[in-house]
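Trainee: Mind having a look at this structure? Questions to follow.
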Amino acid sequence: MAPSWLVFLFFTFWVLLISPAVSLTCSSQKLTKTQVYSDCLDLPSLSSYLHFSYDSSNTTLSIAFIATPSKSGGWIAWAINPKATGMAGSQSLVAYKNSTTGVAVVHTYDISSYSSIVPKDLSFEVWDKTAESRTDGSLAIFAKIKVPADLAAKGTINQVWQVGPGVGEDGKLVKHDFAAANLQSKGTLNLKNGQSSSSSGGDTRIKKKNIHGILNAVSWGILFPVGAMIARYIRTFESADPAWFYLHAFCQISAYAVGVAGWGTGLKLGSESPGITYSGHRNIGIALFVLATVQIFALFLRPKKEHKYRVYWNIYHHSFGYAILVLGILNVFKGFNSLRPEHKWKSAYMIVIITLGGISLLLEAITWVVVLKRKSRKSTKPYDGYSNGQGRQQPLAM
């Protein structure tokens, strides 16, 4: 029979394991307000909860929204978007702790666009709005809302919720994260049956971002460096000529095609996200597209090896190539910082780059050995008979 202390530890483990899961549901939450709500929802992202009651006779929606700011001193928000499913255009209730008094306050924000987030009266009536700070670090927003007639007739509203890291001295909200949970924090609230459905827009947008990231990481971050390595090291071996050139051209053209597709998805994402800009990432992306386009079309203007302008073409080609190499890898890491995927993806890419770097160092050493040996052999040979621009070897004088 198991010792009593082992049974006790086993029981304690399960209590600790189960109790957080039980506590993190809206039905187990206790509200300090006397208002009783008929429905409550565990919202699907950002560990947020909504308690609400809807009176269809006067189209009044009473809500209690609970969430934890992403950082201490941050803010939480719950909103209705009368026209769309995202944050832009939403009519929002925002709560945070006053930096001077430490008391939780709530303000209304008419978010006409991502670039215009300022306190303003909403397009519908709101009253009895208050906020409170809870013992677990979360904040709660309480309010009563007069649901617009067209939304009341439809019986559903588009709800949006969010959490942010801080509030400026002027009351300006610090921008929230753009991780998957933040982008998925929206859905439809059915006023008639008290059910909520998540919007698929967040998932679609995340898929587009992932496609954008994969295309660009493969093209600018892997294929272009591999193509450059082929041109730098494989051409050293005389037996690889002209195969190295065709491999190099194929690799770089493929990288360009994939990169253009990734660049196009970036433009599409930007057009769908007014007010959200990653200036550095975007500007480097534009520079990469321009440099790579010039580089690709320059293939058709490549002078022959013996042409007097070939040396200038080589200088330009190498300069643009190394610029693309550096900017491409840099922008991939900027993309990771913007997209914020699971850490394993950034780690995997770092392993790939470190591996390519190690291979490059090895090939660099081999290349120098081959070149120096080749020069040494040439320097020990007697006069080879090439003169007067003739391409034919003459017999040695006896």
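The values are calculated or read from the model by the stated rules, or taken from the named source; none is laboratory data. Owing to the predicted nature of the structure, the values given are computational and were not obtained by experimental measurement. Positions of Cβ are backbone-derived with ideal geometry, glycine not excepted, and every protein chain shown enters the neighbour counts. What goes into the accessible areas is simple: the full protein's heavy atoms, side chains included, and nothing from ligands, DNA or RNA. Shrake-Rupley method; radii C 1.70, N 1.55, O 1.52, S 1.80 Å.
Trainee: Can you name every residue in the range 348-361 that is of a type in the set (Ser, Thr, Tyr), open to solvent by less than 40 Å² (accessible area, probe 1.4 Å) and within 16 Å of ALA217 (Cα to Cα)? Step through it out loud before you land on a result.
Mentor: Here is the first cut: in the range 348-361, the residues of a type in the set (Ser, Thr, Tyr) are 349, 355, 360.
Cutting the leftovers down to open to solvent by less than 40 Å² (accessible area, probe 1.4 Å) gives us 349, 360.
TYR349 - this is the single residue of the range 348-361 that is of a type in the set (Ser, Thr, Tyr), open to solvent by less than 40 Å² (accessible area, probe 1.4 Å) and within 16 Å of ALA217 (Cα to Cα).
Trainee: List the number of the failed condition for ILE286; all other conditions in (1) surrounded by fewer than 16 Cβ atoms within 10 Å (Cβ to Cβ); (2) at pLDDT below 90 hold.
Mentor: (2)
Trainee: Okay, moving on. Filter the range 156-197 down to residues that are in a loop (DSSP other than H, G, I, E, B) and among the charged types (D, E, K, R) and give me whichever is nearest to SER45 (Cα to Cα).
Mentor: Looking only at the range 156-197, we keep the residues that are in a loop (DSSP other than H, G, I, E, B), and these are 165-166, 168-172, 174-179, 184-185, 191-195.
Still in the list and also among the charged types (D, E, K, R): 169-170, 172, 175, 177, 192.
Details: GLU169: 29, ASP170: 29, LYS172: 24, LYS175: 18, ASP177: 13, LYS192: 23 Å.
Checked the range 156-197; the qualifying residue nearest to SER45 (Cα to Cα) is ASP177.
Trainee: Evaluate the range 42-52: report whether one residue or more is open to solvent by 10 Å² or more (accessible area, probe 1.4 Å), in contact with a helix residue (DSSP H, G or I) (Cβ under 7 Å, 6 or more places away or on another chain), at pLDDT 90 or above and assigned to a strand (DSSP E or B).
Mentor: Looking for residues that are open to solvent by 10 Å² or more (accessible area, probe 1.4 Å), in contact with a helix residue (DSSP H, G or I) (Cβ under 7 Å, 6 or more places away or on another chain), at pLDDT 90 or above and assigned to a strand (DSSP E or B), one finds at least one in the range 42-52, hence yes.
Trainee: Counting only residues that are touching a residue at least 24 places away in the same chain (Cβ under 8 Å) and open to solvent by 90 Å² or more (accessible area, probe 1.4 Å), how many does the range 320-336 have?
Mentor: Of all residues in the range 320-336, those touching a residue at least 24 places away in the same chain (Cβ under 8 Å) come to 320-325, 327-332, 334-336.
When the remaining residues are screened for being open to solvent by 90 Å² or more (accessible area, probe 1.4 Å), the result is 322.
Number of matching residues: 1.
Trainee: Turning to a different aspect of this structure: Can you name the number of the only condition in (1) open to solvent by 20 Å² or more (accessible area, probe 1.4 Å); (2) at pLDDT 85 or above that SER138 fails?
Mentor: (1)
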